[in-house]
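The values are calculated or read from the model by the stated rules, or taken from the named source; none is laboratory data. Note that the structure is predicted; figures quoted are calculated from it, not measured. Cβ coordinates were reconstructed from backbone atoms using ideal geometry, including for glycine residues, and neighbour counts include every protein chain displayed. To get the accessible areas, we keep the full protein, side chains included, count just its heavy atoms, and leave off ligands, DNA and RNA. Shrake-Rupley method; radii C 1.70, N 1.55, O 1.52, S 1.80 Å.
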Amino acid sequence: MNKLANLYNQKGAGPKNIAFNFINEAIDSRLSFLILIPDISDYSHYQNTDNVRFIRLFCPRSTLLKVLFRVYLELCFIPFLVWRNKIKHLLAFGNFLFSPVCATKTVLLHHPYLVDDRLYEQLELSSKITEWLKRVAFYITTKNADHIVVQSDYMARQLERKYPKPRFDVEIIPNPISYSFAHPHDPADLIERRQAAVKNDLKLLYVSRFYPHKNHVFLVNLSRELAQRGIKHSIFVTVNPEIGEAKSFLEAINDSDVSIHNLTEVSQTELVEYYLSAHAFIFPSKAETFGNPLIEAMCYGLPVVVPDLEYAHAINGKAGLYYLPDDVVGCANLIIGTLFDESTYRQYSALSVSRFERFKTPDKWFQHYLTVMHESD
């Protein structure tokens with residue numbers, strides 16, 4: 001057993017999906033892995049196999065305990081595991097890897113605040129302190145890692161701007177789409193049915209966990225703008241109501257002039273039905289390291305409405321319907337002018353299907369990671 005994968009802090013919806021893809025491919029590969037996972041219910045179905053052994057780790061709740069446990073994990077527990085199991089390749093999903101060990105070290109960066117100074121400066125003081133601590137941990141990671149993986153050209157540029165003379169190699173590995181979203185539906189049939197119904201009751205979908213930079217409040221203003229124009233519509237979001245920061249947004253969507261419906265965080269299987277029933281996908285986020293829901297939406301041939309930002313162009317290319325960031329009126333004009341026009345709607349649906357074909361399946365994505373991990377052999 002010469003490979004260790006630390007997936008301990010992959011707890012959010014997107015990071016969990018990445019972790020699940022890796023675990024499933026590791027099991028199928030028959031290669032030997034030791035994998036660290038959080039001791040939470042989402043990972044409870046994973047049990048040791050002939051080639052993969054799991055170690056479940058305690059998840060503290062307080063910020064202080066989280067910091068102390070992470071330091072213990074990186075400086076004590078992982079070095080012990082590397083020594084005990086003769087680990088030659090260490091992979092960490094989740095931004096940080098500062099264990100002082102003699103092994104090839106690869107880390108996935110998927111937190112934009114670590115390299116985006118503009119985004120960092122917009123935070124409130126309490127959040128900025130937390131992010132500063134993470135930045136310190138990531139700075140140490142840059143001095144320790146052999147390879148830092150990012151998920152798009154955009155994030156590679158952000159990383160290289162922040163660390164212009166790195167000692168690490170920058171690798172670009174776009175996320176795969178989970179096999180959960182594989183479907184037998186004919187894209188042409190989906191587009192036909194959607195186009196016929198879009199003017200009657202526009203259904204927009206935004207799949208994202210709640211964070212300040214995800215810009216959910218934009219949808220409140222957009223819904224009001226569409227309502228003022230007499231556009232019958234529904235916007236569906238996936239916000240966990242237990243997230244404290246989401247409280248003001250969830251209160252706002254209860255207003256009578258807002259047509260936003262919260263599905264809460266749902267499983268990938270449940271999401272499929274919403275991708276199938278939506279007419280278009282909207283993604284107002286101000287920053288992303290990748291944006292898995294964007295390729296999920298394109299998988300189902302949905303036109304994708306996104307702000308005119310680098311990360312969106314990196315994922316959607318010519319398939320994106322772009323509006324100026326935070327321009328509610330411009331976004332409404334774009335939606336009405338393109339989605340309600342039959343030829344344009346079909347054009348951007350077809351572009352989504354074509355763009356989706358550029359992204360890797362989980363098996364090829366997994367093999368790309370193996371190649372990077374072994375580059376220093």
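Over the chain, with the other protein chains present, what is the accessible area per residue in square angstrom, probe 1.4 angstrom?
Ligands and nucleic acids excluded, the figure is 44 Å² per residue.
Structure shown: which of LYS66/LYS143; LYS16/LYS66; LYS165/LYS318; LYS105/LYS162; LYS16/LYS364 lie over 24 Å apart, alpha-carbon to alpha-carbon?
LYS165/LYS318
So how do 296-302, 86-92, 127-133 stack up, highest first, on mean other-Cβ count within 10 Å?
296-302, 86-92, 127-133
Report the extension gain between ILE140 and LEU370 in nm, rounded to one decimal, defined as 0.36 nm multiplied by the number of residues separating them, less their alpha carbon distance.
My answer for the length gained is 80.4 nm.
For the stretch 25-65, treating each Cα as an identical point scatterer without solvent, what Debye log10 I(q)/I(0) comes out at q = 0.17, 0.33 1/Å?
One equal scatterer on each Cα of the stretch 25-65 leads to -0.51, -1.15.
Below 8 Å, C-alpha to C-alpha, sequence gap of six or more: please give me the relative contact order for the stretch 69-210 in percent.
Here the relative contact order equals 18 percent.
When only C-alpha pairs under 8 Å and at least 6 residues apart count, what is the relative contact order of the chain, in percent?
Working: 651 pairs, mean separation 58.1, N = 377.
Relative contact order comes out at 15 percent.
Taking amide H positions as placed in the peptide plane 1.01 Å from N, state which residues far from TYR323 in sequence (5 or more) or on other chains have amide H under 5 Å from it.
For TYR323, whose amide H was placed from the backbone, the distant partners under 5 Å are VAL306, ASP308.
Per residue of the stretch 300-317, in order, report the coupling 6.51 cos²θ - 1.76 cosθ + 1.60 (Karplus, θ = phi - 60°) as ³J(HN,Hα) in whole Hz, putting x for Gly and Pro.
9, x, 7, x, 10, 9, 9, x, 7, 10, 4, 4, 5, 5, 4, 8, 8, x
Carbon-plus-sulfur fraction of the accessible area of the chain, 1.4 Å probe, in percent?
About 53 percent, which is the carbon plus sulfur part of the accessible surface.
Note the listed values (1) 19.3; (2) 18.2; (3) 24.0, then indicate which one is mean projected area of the Cα convex hull in nm² calculated from this particular structure.
Answer label, from the structure shown: (2).
I want to check the label-to-label distance for LEU31 and GLN47. Put each point 7 Å from Cα in the C-beta direction and report it in nm to one decimal.
So the two model labels end up 2.6 nm from each other.
If you stretched the chain out fully between PHE58 and LYS318, how much longer would it get, using 0.36 nm times the residue separation minus the C-alpha to C-alpha distance?
89.2 nm
For ALA280, what residues show an amide H to amide H distance below 5 Å, using hydrogens built from the backbone and excluding near sequence neighbours?
Sorted by chain and number, the residues that satisfy this are LYS203, LEU205.
For the chain, what does -39500 (n - 2.57) per DSSP helix run (n ≥ 4), summed and divided by total residues, give at 222 nm, in deg cm²/dmol to the nearest 500?
-12500 deg cm²/dmol
Residue by residue, what Karplus-based ³J(HN,Hα) values in Hz, rounded to whole numbers, does the stretch 237-254 have, using 6.51, -1.76 and 1.60 with θ = phi - 60° and x for Gly and Pro?
10, 10, 10, 6, x, 7, 6, x, 5, 7, 4, 5, 5, 5, 5, 5, 6, 7
Name the shape class, rounded, prolate or oblate, that the alpha-carbon gyration tensor gives for the stretch 127-259, where a ≥ b ≥ c are the square roots of its eigenvalues, rounded holds for a/c under 1.5, and otherwise prolate holds if a/b is larger than b/c and oblate otherwise.
Cα axes put the stretch 127-259 in the oblate bin.
Return the whole-Å distance between the Cα centroid of the stretch 111-181 and the Cα centroid of the stretch 213-291.
26 Å
If you take the Cα Rg of the stretch 167-227 and divide it by 2.2 N^0.38 Å, with N the number of residues, what do you get?
Normalised by 2.2 N^0.38 Å, the Cα Rg of the stretch 167-227 equals 1.71.
Determine the gain in length on full extension of the stretch VAL217-ARG84; use 0.36 nm per residue of separation and subtract their C-alpha separation, reporting nm with one decimal.
Full-extension gain reported as 42.9 nm.
Of the listed peptides 140-148, 338-346, 309-317, what is their order by residue-averaged count of other C-beta atoms within 10 Å, with the highest listed first? All intermediate terms of the calculation are to be shown ahead of the outcome.
Details: 140-148: 19.1, 338-346: 15.7, 309-317: 20.8.
The packing order, highest mean first, is 309-317, 140-148, 338-346.
How big is the stretch 1-159 in terms of Cα radius of gyration and Dmax, in angstroms?
Rg and Dmax of the stretch 1-159, Cα atoms, are 15.7, 48 Å.
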